[in-house]
Amino acid sequence: MIKLPGLLFCFVLLAGQVVSQSVPSPAVIDQLYPSLSVKMTGFVGSKLDASWQNRILAQDVDRLVAPFLNRTETSCWQSEFWGKWFTSAVLAYRYKPEPKLKQALDHAVDGLIATQTPDGYIGNYADNKHLAAWDIWGRKYCMLGLLAYYDLTKEQKALKAAGKVADHLINELTERNALIVKMGNHRGMAASSVLEPICFLYSRTGDKRYLDFAEEIVRQWETPEGPQLISKADIDVSKRFPKPKGSWYGWEQGQKAYEMMSCYEGLLELYRITGKKSYKDAVEKTWENIRDTEINIAGSGSSMETWFEGNKLQTLPITHYQETCVTATWIKLSQQLLRLTGEAKYADAIEQAFYNALLGAMKPDGSDWAKYTPLTGQRLEGSEQCGMGLNCCVASGPRGLFTFPLTSVMSTKEGLQVNFFAAGSYNLQTPGKQKIELVQETDYPATGKISMKVQLQNPENMLFQLRIPQWSIKSTLTLNGEPIGGLSPGKNVNIERKWKSGDAIVLNLDMRGRLLSLGEFPKNMAIVRGPVVLSRDTRFTGPAIESIIKPVTDKEGFIELLPAEQKSAGVWMEFNAAFIPESYTEGGSKPISIVLCDYASAGNSQEGHPYFKVWLPQLIEPATTPAPRSISP
C-alpha cells in the first residue's frame, strides 16, 4: 500500500514494469479523427517541407540525449528538448514518412532508453534535486515522446520505459510525502502537467494506478497550494493569483500561459477517460476567456510568457511579446477541443494563429524560430538555452506546425469534415470503411476560391461538413455547379447525400480587406484579409513607417487591396492600398498608394531584420474623439 498525500493507492509496483491489463474504452469519443495520409502542396506544403528538412531532420539527436548521461542538474530544463523535438518529429513523420526520419526516431528512442536507471528514472537532475525546478516537466516530455513512438510503432520497449518513468515518479512523491503542486515552478503547473502522459499510460495499459495518480493530481490542483484550474475557470486567466513578489518565473507565478494550457490538455485527456463534465467545462471556459481577453490580432499572446489581459493592450509596446511556445500550445489546445467537439470556432482560432503568429515566428527556410514575435518591431532569433544549441521555442514551433496537415480534413462517424483549406490530397476512411480521397485545388488564403473533388470507388451516403470562417460575410458554395445555401459565418455547413467519385465542390470566401480598430484615445487600426493580418515593412518604399496614415474605405467600410504585379523577394502576399497621409495644410492630402504584406513575411527575412508594423495609430480628431483624463504632474 503506497500513500500519496490525500490518497491511498492499493497496488504493488512491479519493479517498474507496465502491468498488462485490458485497454479501457474511453468514456467520451472524439467527434473527429485525423486523415490517414496527406500530401500538401502550395505555400503551406512548402513551409512543412522546409521545417521537415531544415529543422526536424537537421537536429543533432545525440546532443539531445547527452544531458541524460550527466545527472548533475539543479535548475535548468535540458531534459525537455528531447521530448519536444521527438513529438514534433513523430508528427512530421506521420505527414511525410521517409526512412531517414524513421532512422532518426529509432536512434533517439534507443539513445534515451539507454540512459534509464534501474529504478526507472530518465532525467538529468542530481539525486538530491529530484522533483525540483524543471525535473518533472522534463520527465513529462520524455514520456510524451516515448508514448508517441509506441503509438507509431507499437514497440513495447517504449511503453515499458514510459511506465517505468511514471512508476519512479509516483514512488518518489510517495516516499517524500510530497505534493506535486508544490514541486517546480508556476504553482505546480509545470510539474502537474505530467497529467497528460499519465492519462496516456492509463489509456494504453489499463493500469488503474495511473488513473488514480491522474485523479490525485487534479485533486491537488484544487487545494490552497494548487493552481485551482477547475474552481478558477470562471476567473480571467490573468487575474487568478496576485502578481509574484519574488521571482517572476518562480512558484508564485500562477498566470504562466504555456504551462497552464499544458495542464488543460491533460485535463481533456482525463475527461475522455472519465466523462466528468466538470473537466471539459473548465477547459472550455478557460479557452473562451483566453480567446476573449488574451489572444491578439495575430492569433496568440502573452508577455514575459504570462497572461496579462493582452487583447486590449496589443497596440502598445509590450515586453517579450507572443512567445512561440504559447502560440504552439494554444494551437494544440484548440486542436484538442476541435477533435473533441468538431466546433468551427476552434478551427477559426487555429487558422488565425497558424497563418500569422506561428508562420511569422518561423524563419523562411524553416531552420529556426523566433522566441518572441511583436506586432510592431523586429523578428529576432531567441537566445540559446541550457547549452543545448537551441531554445524552447525552436523546439516548440514545429509541434504547432505539424498539427495542421492531418487535421485539415478529418473523418467523422457520419462522413468527413473540412476544417482548413490548403492545396493537396487528403486520404481518409468513410463510414462504410472504404477509402476516400479529397483533393483541394487552391492558393488560399492568397485568394478565396477553393475547389474540392471527391474520389472514391463506390457511391456512399455520407455527411460532408465544411467550415465557413467567421470572418467570411459573403460566401458562396456550389456542388457540381448547383448552389448550396444556408451558409453562416463561423459555422459548419452540412451536405448529406450519396457521394460519388467526381463530385466537385467550389467554395468562394469573402477576401475583402477589413479594418479592425482598437481604442478610442488613441485609436489604432489594422488591416486583415481573410485570416491573414497585413503589415507595413521597411523593405518597401513609401512614407516612413512611423507616419500617420488613414486607410481609404468604400461605403461598406472595406479597403481595396490590389495584389502587387510583381512581389518583392521573400514575400508571400503583397498588396497596394490607398491611404491619406497626415497633413498640416488646411486643404489636406490626397490619397497615396502604400504597400502592405502578410504578417508572416513582415520583417521575416533570411538576412537582416527589417522593422515592421501592424497597428496604425490614427490622428486625434477633437470633434469626434472623447478627451482623455488629465495627467497630473
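Computed from the coordinates by the stated procedures, all read-outs in this text should not be read as laboratory data. Every value quoted in this text rests on a predicted model; they were computed, and no experiment measured them. In this analysis, Cβ positions are derived from the backbone assuming ideal geometry, glycine residues included, and neighbour counts consider all displayed protein chains.
Label ALA544 and ASN128 with points 7 Å out from Cα along Cα→Cβ: what is the distance between them in nm?
For ALA544 paired with ASN128, the spin-label model returns 6.0 nm.
Quick check on the stretch 450-581: what are the equivalent-ellipsoid semi-axes from the Cα gyration tensor, as sqrt(5λ), descending, whole Å?
Equivalent-ellipsoid dimensions as semi-axes: 39, 18, 11 Å.
What trypsin sites (Lys or Arg not before Pro) does the stretch 221-313 have in DSSP loop regions with at most 11 other beta carbons within 10 Å?
Sparse-neighbourhood loop trypsin sites (Lys or Arg not before Pro): LYS245.
Between HIS609 and HIS320, how many nm apart are label points set 7 Å from Cα along the C-beta direction?
1.6
Using the C-alpha atoms of the stretch 41-178, what convex hull volume per residue, in cubic angstrom, is computed?
Working: hull volume 14.5 nm³, N = 138.
Here the figure is 105 Å³ per residue.
Go ahead and run the numbers for FRET between ILE473 and ASN311, Cβ-Cβ distance against an R0 of 30 Å, rounding to 0.05.
That gives a FRET efficiency of 0.85.
Provide the gained length on full extension for the span LYS435 to GLU586, in nm with one decimal, where the gain is 0.36 nm per separating residue minus the Cα-Cα distance.
On the way: separation 151, 0.36 × 151 = 54.36 nm, distance 6.88 nm.
Length difference between fully extended and current span is 47.5 nm.
Starting from 0 in steps of 5 Å, tell me what percent of the Cα-Cα pairs of the stretch 297-406 lands in each bin.
2, 13, 23, 24, 19, 12, 5, 1, 0
If R₀ is 30 angstrom, what is the calculated FRET efficiency for the pair LYS285 and GLU252, using the beta carbon separation as r and rounding to 0.05?
Calculated transfer efficiency: 0.80.
Karplus couplings for the stretch 281-294 from phi (6.51 cos²θ - 1.76 cosθ + 1.60, θ = phi - 60°), rounded to Hz, Gly and Pro as x?
Result, ordered by residue: 4, 5, 5, 5, 4, 5, 4, 4, 5, 4, 4, 7, 10, 10 Hz.
Which ³J(HN,Hα) values, rounded to whole Hz and listed in residue order, are derived for the stretch 71-78 from phi using the Karplus coefficients 6.51, -1.76 and 1.60 in 6.51 cos²θ - 1.76 cosθ + 1.60 with θ = phi - 60°, glycine and proline given as x?
With the stated coefficients, the stretch 71-78 comes to 8, 10, 5, 10, 8, 8, 10, 4 Hz.
If you project the alpha carbons of the stretch 513-617 onto their three principal axes, what span does each projection cover, largest first, in Å?
43, 29, 28
Using 0.36 nm times the number of residues separating GLU222 and LYS567, minus their current alpha carbon distance, what extension gain do you get?
Contour length minus the Cα-Cα distance gives 118.8 nm.
How high is the relative contact order of the chain, given as a whole-number percent (alpha carbon pairs under 8 Å, six or more residues apart)?
Once normalised by length, the contact order is 13 percent.
Treat each spin label as a single point 7 Å out from the Cα along the C-beta direction, and report the ASN576 to ASP49 distance in nm.
Taking the two extended label points, one gets 3.2 nm.
Quickly estimate the mean residue ellipticity at 222 nm for the chain, helices only: each DSSP H run with n ≥ 4 gives -39500 (n - 2.57), and the total goes over all residues, rounded to 500.
Taking each H run of at least 4 residues, the total per residue is -9500 deg cm²/dmol.
Between SER451 and SER75, what is 0.36 nm times their sequence separation minus the Cα-Cα distance? Round to one decimal in nm.
Numbers: separation 376, 0.36 × 376 = 135.36 nm, distance 5.26 nm.
My answer for the length gained is 130.1 nm.
Taking every pair of distinct Cα atoms and averaging 1/r, then inverting, what Kirkwood hydrodynamic radius in Å comes out for the stretch 500-545?
Values: mean 1/r = 0.0707 Å⁻¹.
With all distinct Cα pairs of the stretch 500-545 included, I get 14.2 Å.
Residues with amide H under 5 Å of SER37's amide H, sequence separation 5 or more or different chain, H placed in the peptide plane at 1.01 Å from N; which?
So SER37 has HN proximity to ASN427.
If you take the alpha carbon radius of gyration of the stretch 99-158 and divide it by 2.2 N^0.38 Å, what ratio comes out, to two decimals?
1.22
Counting DSSP beta bridges in the chain, what percent are antiparallel, to the nearest 5?
Around 95 percent of the beta bridges assigned by DSSP in the chain are antiparallel ones.
Residue by residue through the stretch 439-451, which ³J(HN,Hα) values in whole Hz follow from phi under the Karplus form 6.51 cos²θ - 1.76 cosθ + 1.60 (θ = phi - 60°), with glycine and proline marked x?
9, 9, 10, 5, 10, 3, x, 4, 10, x, 9, 10, 9
Between SER425 and SER367, how high is the FRET efficiency from 1/(1 + (r/R0)^6) when r is the Cβ-Cβ distance and R₀ = 25 Å? Nearest 0.05.
Working from the Cβ atoms, E equals 0.40.
What translational diffusion coefficient, in µm²/s and rounded to a whole number, does the Stokes-Einstein relation yield for the chain at 4 °C and a viscosity of 1.567 mPa s, taking the hydrodynamic radius as the Kirkwood radius over Cα pairs?
50
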